[in-house]
Amino acid sequence: MSLTPSIATVVKTEPVQSSVIAEIGYDADARILEVRFHGGRAYRYFDVPPAEHAVLMRADSIGGYFNRKIFPRYRWTRIDAE
């Protein structure tokens, strides 16, 4: 589901408590969610509503919520160097 990246937007990330995800950032105006994994890969997810980001950040398991609700639902692009 990877599409042309929108990398012009700078998204500030913050560390999260997760065994899978290292950092998450969100730009509410652009509705872009940025996710950086512990292994170094980073992705942007597009058209993510602010409420979805808020629920993700409050989830008991951020990685679990991400895998169930974010990854299968929103278009994405990889943004780190392969």
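Read the figures in this text as sums done on the coordinates, not as results from a lab. Note that this is a predicted model, so its numbers are computed, not measured. Here the Cβ is made from the backbone with ideal geometry for all residues, glycine too, and neighbour counts use every protein chain on show.
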Computed curve, the chain, Cα-only Debye sum without solvent term, log₁₀ I(q)/I(0) at 0.13, 0.23, 0.25 Å⁻¹, is -0.34, -1.17, -1.42
Comparing G25, G40, G64 in a Gaussian network model of the chain (Cα, 10 Å), the one with the largest mean-square fluctuation is G40
Fewest-first ordering of H38, H53 by Cβ atoms within 10 Å yields H38, H53
Counting Lys and Arg as +1 and Asp and Glu as -1 over every other residue whose Cβ sits under 11 Å from the Cβ of G25, the net charge comes to -1
